[in-house]
Amino acid sequence: MPYVTQLVDKGTSHSFIAEAKPPTVTMPRIKALMTGSLPGFIDIIMNLNSPVLLEDSLIWQAKTAGKRIIFYGDDTWVKLFPKYFVEYDGTTSFFAPDFTEVDINVTRHLDTVLKREDWDILILHYLGLDHIGHISGPNSPLVGPKLQEMDKILKKIHLSLLSKLQEGEASLPNLLVVCSDHGMSETGSHGGSSEEEVHTPLLFVSSAFTKRSGSLKQPELVQQIDLAATLAIGLGLPISRNSIGNLILPVIEGKTMREQLRFLHLNGFQLSQLLQANVPAYEKDPGFEHFKVAEKSHGNWIRLYLEENSSEVLLNLGKKVLKQYLEALKILSSSLSKQVAQYDMYSMMVGTTIILEVLFLLLLSLPKALSSRAEFEVPLSSPLFSLLFYLICLMLCTVHVIVCTSAESLCYFCSISWLISVGVMMLISALMCIILSALGKIFMNNKLPAKNSAVSNSSWSELDVLILAGTLGHVLSLGASSFIEEEHQTWYFLINTLCLAVCQEICRHYFLLKESDFQFSTVLKQSVEDFKETGHFKQVDVPACDSKLNKFATSAELRKGSEKWIGLASPWIILICCRLLRSLNQTGVQWAHRPDFGHWLTSSEHKDELSLLAAISLVMIFILVQRRCSLVSKIAMALGLLGIYSYRAAIGNVVFPWQQSNKDVSKGIIEARFVYVFVLGIIFTGTKDVLRSQVISADSKTKVTGLWEIYSGLVLLAALLFRPHNLPVLVFCLLIQLIMTRCIWTPLKFDAAQITIMHYWFGQAFFYFQGNSNSIATVDVSAGFVGLDNYVEIPAIFLTTFATFAGPFLWAIHLLCYLSSEGSRHSAAMGHGCFCYALLHSIPVAVYIILVTGLRYHLFIWSVFSPKLLYEGMHVFITAAICVFFTAMDQKQSQKIQD
């Protein structure tokens, strides 16, 4: 940006590095820029459809003061501040593949609006650079031309303002502010708290600034929320009531000492008023005490100023007061940033109570749910018609009325309709009564004689102990911020340890099996010899029996020998696959900056290698998936995978061997929709078979075929949404599932609970193998716009969610397909799998919610714990959907059990 660099070098501007607080997404950052407050993490969800901002803001103050505001750009501003602009033209910000039209829609207004005199504030929000980062990353060759385009636009605006000043059309000095709402990570995304995401440029250019002499200094670090207070002072407006930002002093250094002190006093007075409103013992706050000292010194300076003392005395005292004010503002802002976060404890307690009740009910149902009948009894009739239910419900409604009528600040649960509130109270009461009823039944059953009870005396294996210890260890690790930041290391360790434990089980199984076969053969031969000696069964051809027995033993030994060595090698092959996947994507915080194989592949110099890897991966996906598909689905799968490569070639990620390197890239909408046709076709075919088996005929084979075809359609969808360098993740996922199915689960005859836990663990590990983390910045937003030519909210949310949680989702669906296809298993296997999957995710979620509530004032609550809570919340919805699907597929079995 040569023109901007020229402005900075001239010394007629002030440049800073503005530090944003997480979450670094657009809507919360706009709120921070205009209000000076710290938005909450719930604003990430609100970012999808921004509500009207009712909080006091710079825009509201300017509108109240009669300022005429014009806006062009991101329509998030229009949603936040409706009816505040005299003229506006909003552009949808969520369609990331659009690099040019979103900016052209803003620039086309400039020539006209810069010549007009009917506005006081002009706000322009360009989106092209952000979209390039989402799609191609910060190192994309498109970034340079886009920055040059922005430089030309800034030059046009600045020269227009200077010409108006020179021609006498402007009576007051103008101010040009260049800033960014957030930064960009190395992958081109944002939302987290890394240095690249929170550090943003901030540039003030004005004709009122005096030219500074000397060498340029390193840009000073300021807070992004300081902009609201600085602009309010510059425009002569009151500072927003909830602003906790400080005045950026270098911007007003050209003013007289009296004006500088007055501006700082206004800022300090506003912060002290906010402190009084939020902190009962505000007089003891160090920031308030410093402000009172500075205010007293300011009074002494004013007295000397009115007495017309020497300028040197005034200057020295003024500098002292200035430092006192700055120190007081800094402490006040720091105190307020810790105090103004008001938590809705009532609503949090209601939600936590429901989650704990559900978890406790699952734990009480554990014995029956994992029994041979897989019963999950929820006695509804007796608790709902009991006096206890109505008493608890009445008590909770009374508490709700008292809290909502006496609370000083309106909580979310009090703001919803009374009908929904009463429904929630009834739900809590019903769950409480059901738990008490279940406890009563357990207590009564314990008093009965044990002769009729089927008590399992089976001992725990080493694998069971490992699974229990790993699950509990992961739950306990959620209380430490470092373990949450590097949670992928926990899952990598668990699956590696699981592979070693499985290897031990395989060794025990095959070596003990070999010994037992030898003993069985010896006993059988000895019995034949006994028969021969005693003269029994004289009609039997004993030599023929010996020959057949020897042939049978030889073939069995050969088969068992090959199975043994393949089985012994399978855990080590899985370990090698996992190690290769770890080197593909660096994730977490500590080592995320280190180069990995994915970065090497996505660089522009290695497009040929990426193309070859993507082609091989797509071929491998077809080989691994087509085994259980019908002929029509195999053809659709092949054409769909070919369409995926064509789509990636169209948008410039990969190249065909005959394709010219300078070929223009497109959005690939036609190619992506071509793939969607085959995805929907395969899923529809599978769904038709499943419905036919569930409704028309109880044909388990048809149901299994339908489930595998649905799984194949989801694999094709994941291949379309994954970036080309991540396609090996999908290949290894399918390969590990095949190895474990043929070499581990079936030969070793693991029960459904153990297989479910293994699926859950590998699903969690593959979530991180994709390059995900517990930071919002690793969400690949570009997946939500594959095949879309404009922003459509529901498809974009679904595609982004599926691409993010593809690992856990595919492993869960594979669990359903595997348990359904194993005809030799007990009919309760599906029920066991569904219950274990729900319980596995309920335990960490319930514990984590309690931990986050207790750690709500932790230093890293916004940067570490809150993003993890959002991921867990979304994972709960996915788990609930999977369990509903499990229950629907197990409906026939449930009916058979009841019959």
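Take each of the peptides 493-502, 155-164, 833-842, average the number of other beta-carbon atoms within 10 Å over its residues, and list them starting from the highest.
In descending order of packing, they fall as 833-842, 493-502, 155-164.
Using modelled amide H (1.01 Å from N, peptide plane; none on Pro or chain starts), what sits under 5 Å from the amide H of TYR88, excluding residues fewer than 5 places away?
Close amide H contacts, sequence-distant or interchain: PHE71.
Please list, ordered by chain and number, the residues whose modelled amide H lies under 5 Å from the amide H of VAL654; skip anything fewer than 5 residues away on the same chain.
Residues meeting the criterion, in which the H sits 1.01 Å from N, are ALA649.
For segment 833-844, take each phi angle, set θ = phi - 60°, evaluate the Karplus expression 6.51 cos²θ - 1.76 cosθ + 1.60, and give the result in whole Hz per residue in order, putting x for glycine and proline.
x, 4, 5, 5, 5, 5, 5, 4, 8, 5, 5, x
Highest mean first, how do 223-234, 861-872, 23-34 rank when packing is the count of other Cβ atoms within 10 Å averaged over residues?
Details: 223-234: 24.4, 861-872: 20.2, 23-34: 25.9.
Highest-to-lowest ranking by the protection proxy: 23-34, 223-234, 861-872.
What ratio of Cα Rg to 2.2 N^0.38 Å holds for segment 698-758? If you can, show how the numbers build up before the last one.
Values: Rg = 14.2 Å, N = 61, 2.2 N^0.38 = 10.5 Å.
Taking the Cα Rg and dividing by 2.2 N^0.38 Å, one obtains 1.36.
For Cα pairs less than 8 Å apart in space and 6+ apart in sequence, what is the mean separation divided by the residue count of segment 757-830, i.e. the relative contact order in percent? Spell out each step's value before the answer.
On the way: 55 pairs, mean separation 28.5, N = 74.
Result for segment 757-830 is 39 percent.
List the residues, sorted by chain then number, that are 5 or more residues from GLN223 or on another chain and whose placed amide H is less than 5 Å from its amide H.
Placed amide hydrogens put GLU19 under 5 Å from GLN223.
Tell me, rounded to the nearest percent, the portion of alpha carbon pairs in segment 713-861 spaced more than 25 Å apart. Show your work: numbers first, answer last.
Details: 4547 of 11026 pairs.
Value for segment 713-861 (Cα pairs over 25 Å): 41 percent.
Kindly provide the trypsin sites (Lys or Arg not before Pro) of segment 231-268 that DSSP labels as loop, not H, G, I, E or B, and whose Cβ sees at most 14 other Cβ atoms within 10 Å. Don't skip to the end; give the middle numbers.
Values: sites: ARG241, LYS255, ARG258, ARG262; in loops: ARG241, LYS255.
In loop regions of segment 231-268 (DSSP not H, G, I, E or B), the sparsely surrounded trypsin sites (Lys or Arg not before Pro) are LYS255.
Determine ³J(HN,Hα), in whole Hz, for all residues of segment 777-790 in sequence, where each value follows from phi through the Karplus function 6.51 cos²θ - 1.76 cosθ + 1.60 and θ = phi - 60°; x replaces Gly and Pro.
5, 8, 6, 7, 5, 4, 5, x, 10, 5, x, 9, 9, 7
Once phi is turned into ³J(HN,Hα) by the Karplus curve 6.51 cos²θ - 1.76 cosθ + 1.60 with θ = phi - 60°, what whole-Hz value does each residue of segment 347-358 show in order, with x for glycine and proline?
With the stated coefficients, segment 347-358 comes to 5, 5, 5, 5, x, 5, 4, 5, 5, 5, 5, 4 Hz.
What is the sum of charges, Lys and Arg at +1 and Asp and Glu at -1, for the other residues whose Cβ falls under 12 Å from the Cβ of LEU247?
Numbers: positive: LYS255, ARG262, LYS330; negative: ASP226, GLU253, GLU259.
Neighbour charge sum, excluding LEU247 itself: 0.
Read the figures in this text as sums done on the coordinates, not as results from a lab. Computed from a prediction, not measured in an experiment: that's the story for all the values here. Here Cβ is always computed from backbone atoms with ideal geometry, including for glycine, and neighbour counts include all displayed protein chains.
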